[in-house]
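Worksheet for the structure shown next.
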């Protein structure tokens with residue numbers, strides 16, 4: 001091999017080697033950044049989970065029910081004010097809440113507590129809303145066996 005050719009090969013090898021080192025440096029730097037990003041993902045997930053609105057908190061069975069809740073004086077007026085516009089015979093809601101028997105059925109199968117007390121999605125949006133105190137009263141009435149008193 002001629003000395004000129006040899007010098008060219010060495011020069012090319014040095015250039016290739018420098019390019020290889022440069023690419024390796026870029027790869028290592030990128031890999032370090034990716035590792036930092038991967039470590040950041042669980043932290044961000046935890047932060048979002050801890051700071052996001054988890055929606056309505058269900059009323060628990062530890063709520064005090066100090067006094068007996070009456071269907072006729074406590075629950076029926078709430079149903080009249082907030083529910084029977086839909087929950088009446090022929091209405092758009094399921095069940096007729098103008099009668100004790102149908103409301104008792106909803107209390108016994110858990111759907112009244114689920115929708116009004118836990119999910120708080122009844123009454124529907126756009127309708128007047130039931131206060132937390134009224135929701136607690138409904139919950140207590142259900143816990144007391146939903147009596148017809």
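What follows is calculated from the coordinates using simple rules that are stated; it is not laboratory data. Everything quoted here is computed from the prediction, not taken from an experiment. Every residue, glycine as well, gets a Cβ built from its backbone with ideal geometry; the counts of neighbours run over all protein chains shown.
Quick look at the values:
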| read-out | value |
| --- | --- |
| Extension gain, residue 144 back to residue 129 (0.36 nm per residue minus Cα-Cα distance, nm) | 3.0 nm |
| Modelled label reach - residue 64, point 7 Å along Cα→Cβ, region 98-137 residues with backbone N closer than 19 Å | 132-137 |
| Point-to-point label distance, residue 89-residue 31, nm (Cα→Cβ direction, 7 Å offset) | 7.9 |
| Prolate/oblate/rounded call for region 71-143, Cα gyration tensor, a/c under 1.5 rounded | rounded |
| Residues residue 96 and residue 118, FRET efficiency given R0 of 30 Å [Cβ-Cβ distance, rounded to 0.05] | 0.85 |
